[in-house]
Amino acid sequence: MEFVLLLNTFISNWEIITLFFLIAVLYSSVGFGGGSSYLAVLALTSLTFTHIRAIALLCNIVVVSGGTYIYIKNKLFNWKKIIPLVLMSIPFAFFGGYLKISQTFFFILLGITLLIAAILMWVSKYITKKSNNNNFKRSTVKDISYGGTIGFVSGMVGIGGGIFLSPLLHLTKWDTPKKIAATSSFFILVNSIAGLGGQYLNPNFSIEPLITLILMFTVLIGGQIGSRLSIKLISPIKLKKATALLIAFVALRILWKHLM
């Protein structure tokens, strides 16, 4: 009986599962996570916003856990600089996840978030080049405010916040590109866990266990395959720009539907 239910769930959601697998393979093969793309795909389904937020965060945790471990192993973390970023982001991500919001508000916020993410993804090459120097700057107060703001929005929407943090750190010449990537990975992980914790304690929290487990397993397998294949058929920049266009299209479609 359980196997039949699992099979039916797989068959009825094969398009989503296939897209999640392809996103995980492609993104992990060039060192990305793909969280915004997961949200964009889920936003086009009939799943409720509570399901969408939870699935996105759980898949985020699965994808970035491996990357964070590798960054820790290679000693790419500067904890004195990372702690101020997550000091306020973790409680604010938790509060954002716990906050009771309406489905309409969620989708409007998601549309705006995805649109900003698409723009940042499109211009990320220029931002990275501009920041690729040794004149690093640091402001603890700014880091705390950046982390808290991004964490709060991340908790409400169901993202880790790396799509916002990484370009911001590049623009402010925070550190080297490798250390910024490592910091963003850790930031995504802890905020996803905190946001999910807040959502779980929200009285309106609900989740579709079967499809969630299938998608988590899918991105786990896809991520492992992609990280070992290191596909070079599509350059990271082309992949980012193609994804930016897709995310922008989904964002505009969401905003049109819920604002018009």
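Assorted remarks:
- Ordering 187-198, 35-46 by mean Cβ neighbour count within 10 Å, with the highest value first, yields 187-198, 35-46.
- Exposure proxy ranking, count of Cβ atoms within 10 Å, fewest first, for 250, 63: 250, 63
- Between 0 and 90°, nearest 10: helix 103-131 axis offset from the chain longest Cα axis: 40 degrees
- Rounded to 10°, Cα long-axis angle of helix 209-229 versus longest principal axis of the chain: 50 degrees
- The simple Förster model, with R0 at 41 Å and r as the Cβ-Cβ distance, assigns residue 69 and residue 149 a FRET efficiency of 0.90.
- As a rough guide to protection, the peptides 51-60, 202-211, 113-122, 170-179 ranked by mean Cβ packing within 10 Å, highest first, stand as 51-60, 113-122, 170-179, 202-211.
- Across 179/257; 75/100; 100/142, pairs whose alpha-carbon gap is larger than 32 Å: 179/257; 75/100
- Dipole magnitude for the chain: about 1280 debye, using +1 per Lys or Arg Cβ and -1 per Asp or Glu Cβ, origin at the Cα centre.
- Values of log10 I(q)/I(0), in the order q = 0.18 Å⁻¹, for the stretch 135-195 under a Debye, Cα-only, solvent-free model: -0.57
- Between helix 14-29 and the chain there is an angle of about 20 degrees, using the helix long axis and the longest principal axis of the Cα atoms.
- Quotient of C-alpha Rg and 2.2 N^0.38 Å, computed over the chain: 0.97
Every number in this text was worked out from the coordinates using simple rules, so none of it is lab data. Note that the structure is a prediction, hence the values are computed from the model and not measured. Note that we place each Cβ from the backbone using ideal geometry, even for glycine, and neighbour counts take in every protein chain shown.
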